[in-house]
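In what follows, a single structure is set out as structure tokens and then discussed.
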Amino acid sequence: MDFTFNDEQTAVREAADGILSGLVDPDRVQEIEGSDDRVDRALWAELAKADLLGIAIPTAHGGGGFAMVELCLVLEAQGKVVAPVPLWATLVLGALPVAEFGSDALRDELLEAVAAGDMILTAALADVADDIAVGGPGRPSVCAGAGVDGGLVISGTAFAVPYAHVADRVLIPVATTEGTVVAVIDPTSAGVTIEHAVTTNREIHPHLHLDGVAVASDQLLAGGDASRGGEVLSWMLNRAWTGLCALQVGITEAAVAQTAEYLNTREQFGLPLATFQATKMRAADAAIDTEAIRVTTWQAAWRLDNGLDADRAVNVAAWFAAESGQRVVLATQHLHGGMGADISYPIHRYFLWGKQIELMLGSPSAQLARLGRQVATGLAGAELATAELATSGAVPA
């Protein structure tokens with residue numbers, strides 16, 4: 001399969017790589033991790049100046065009008081340097097669904113500000129994703145009752161919301177008596193309490209406690225139509241998972257490259273570590289795992305952009321990113337020996353990011369179980385269709 005990028009996509013990749021690799025190094029990351037909000041604001045401003053924050057925002061709202069593949073190229077570049085900025089949260093969890101399902105008022109309010117770097121978005125998908133991982137329908141933990149003029153009043157707790165402490169708006173799936181609706185709230189609204197929580201990779205993913213938070217009707221995705229809740233959530237989750245896979249591509253690629261450099265320069269018994277068969281084979285396995293994550297990720301992103309059924313492709317990519325991803329970051333840390341245990345040494349941070357993405361994607365066993373359910377459902381559907389055709393006489397029984 002040809003995964004060659006076109007000229008525009010190549011330009012996006014080069015721009016993202018140039019800015020992120022030029023402005024982010026281990027010292028800078030460590031400095032930002034010690035700050036209060038753990039966001040590199042200077043880098044965020046530079047990404048906005050380069051029009052990368054609006055890469056997948058419609059041109060009518062000041063964006064580039066590109067899609068998931070181009071956005072994944074930016075996320076891959078972020079993963080290579082583990083840059084502490086809310087790209088995935090803002091662009092994938094927030095801007096994409098607003099552009100697709102938001103009201104005209106909501107698009108006008110948010111999207112141009114995102115592209116300009118003036119607004120940070122996020123979404124509370126952890127509980128929904130966890131429910132789906134175990135075979136559930138994706139029922140949200142936050143509930144809603146009727147509000148004023150078609151709006152809602154929502155209460156409950158949204159757990160582990162990426163960068164909610166700095167977000168200007170949060171997309172929250174809520175359960176109503178008629179189904180699921182995704183509401184867009186201002187986290188500074190009355191009734192919202194933010195409880196900080198620190199993740200494995202040292203990001204802040206707070207829990208949002210909601211008590212009678214009023215949401216206007218024009219702040220509901222898909223016009224507040226609860227019958228479309230499953231469609232909206234599936235759309236959001238497929239892109240959220242694919243975005244995490246793209247981050248994992250960059251993380252594992254950089255971890256393997258740094259490990260190869262280390263093995264070629266570090267000597268033992270008077271020879272570079274790279275000359276020993278055990279280290280060569282484990283590094284080669286890590287490189288193969290990285291390529292598996294890469295090709296499955298681009299397959300998923302391409303199918304999403306071309307309006308094809310992508311559920312199974314996204315699940316396959318997520319399994320590789322979770323299973324192979326954690327195997328890569330574990331191997332690359334181990335191949336650094338004692339240096340890999342030093343938390344001030346760069347390779348350790350790739351291990352933390354790789355493990356965090358595995359946790360956010362769900363365990364590999366849960367991914368396999370979900371994939372098995374998809375395959376079984378597809379086989380059952382095919383058998384039913386064949387039986388119906390045979391009954392109609394269109395094909396031999």
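Output yes when any residue across segment 222-245 is on the phi > 0 side of the Ramachandran plot and touching a Lys or Arg at 6+ places or on another chain (Cβ under 9 Å), and no when none is. Within segment 222-245, one or more residues are on the phi > 0 side of the Ramachandran plot and touching a Lys or Arg at 6+ places or on another chain (Cβ under 9 Å).
Given the condition modelled with pLDDT under 95 and part of a helix (DSSP H, G or I), answer yes or no: does some residue in segment 291-308 qualify? Checked segment 291-308: no residue is modelled with pLDDT under 95 and part of a helix (DSSP H, G or I).
Let's see how each residue does on (1) under 27 Å from A274 (Cα atoms); (2) in contact with a helix residue (DSSP H, G or I) (Cβ under 6 Å, 6 or more places away or on another chain); (3) not hydroxyl-bearing (S, T, Y):
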site	(1), (2), (3)
A292	yes, yes, yes
T296	no, yes, no
L304	no, yes, yes
R312	no, yes, yes
N315	no, yes, yes
S324	yes, yes, no
V329	yes, yes, yes
T332	yes, yes, no
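If you filter segment 347-365 down to residues that are assigned to a helix (DSSP H, G or I) and at pLDDT below 90, you find that the one that is surrounded by the most Cβ atoms within 10 Å (Cβ to Cβ) is P364.
Cβ-Cβ distances below 9 Å connect the following pairs, each with a first residue in segment 195-218 that is without any contact (Cβ under 8 Å) to a residue 12 or more places away in the chain, a second residue that is of a type in the set (D, E, K, R) and crowded, with 18+ Cβ neighbours inside 10 Å, and a separation of six or more residues or different chains: V198/R38.
With respect to G102, determine if the residue is in contact (Cβ under 8 Å) with a residue 40 or more places away in the chain and of a type outside the set (A, V, I, L, M, F, W, C). The answer is yes for G102.
In summary, N264 fulfils each of the numbered conditions (1) surrounded by 14 or more Cβ atoms within 10 Å (Cβ to Cβ); (2) in contact with a helix residue (DSSP H, G or I) (Cβ under 6 Å, 6 or more places away or on another chain) with the single exception of condition (1).
Which ranges mark the helices (runs of 4 or more DSSP H) fully within segment 1-91 that have 2 or more residues being under 21 Å from the mean Cα position of the chain (by Cα) and over 20 Å from I204 (Cα atoms)? The helices (runs of 4 or more DSSP H) meeting that bar are 7-23, 41-49, 68-81.
Got a number for residues in segment 210-232 being surrounded by 15 or more Cβ atoms within 10 Å (Cβ to Cβ) and not in a helix (DSSP H, G or I)? Total meeting the criteria: 7. Counting residues in segment 184-204 that are under 30 Å from T279 (Cβ atoms), outside the structural domain of A287 (by TED's automatic domain parsing), surrounded by fewer than 20 Cβ atoms within 10 Å (Cβ to Cβ) and out of contact with any Pro (no Cβ under 6 Å at 6 or more places or on another chain) gives one or more.
Screening the candidates A83, A146, A115 for the property of being free of Cβ contacts under 8 Å to residues at least 12 places away in the same chain and among the aliphatic types (A, V, I, L, M) yields one hit, A146. Restricted to segment 300-309, and to residues that are surrounded by fewer than 24 Cβ atoms within 10 Å (Cβ to Cβ) and in contact (Cβ under 8 Å) with a residue 24 or more places away in the chain, which residue is farthest from W353 (Cα to Cα)? Filtering first and then ranking leaves D305. For residues that are out of contact with any strand residue (DSSP E or B) (no Cβ under 6 Å at 6 or more places or on another chain), among the aliphatic types (A, V, I, L, M) and closer than 25 Å to P364 by Cβ, scanning just segment 113-139, find the one that is surrounded by the fewest Cβ atoms within 10 Å (Cβ to Cβ). Top of the filtered list is V134.
Screening the candidates G340, G372, G378, G325 for the property of being at pLDDT below 80, part of a helix (DSSP H, G or I), outside the structural domain of G34 (by TED's automatic domain parsing) and within 27 Å of the chain's Cα centre (by Cα) yields one hit, G378.
The values are calculated or read from the model by the stated rules, or taken from the named source; none is laboratory data. Worth saying up front: this structure is predicted, and the values here are computed from it rather than measured. As a convention, Cβ positions derive from the backbone with ideal geometry for all residues, glycine included, and neighbour counts pool all protein chains shown.
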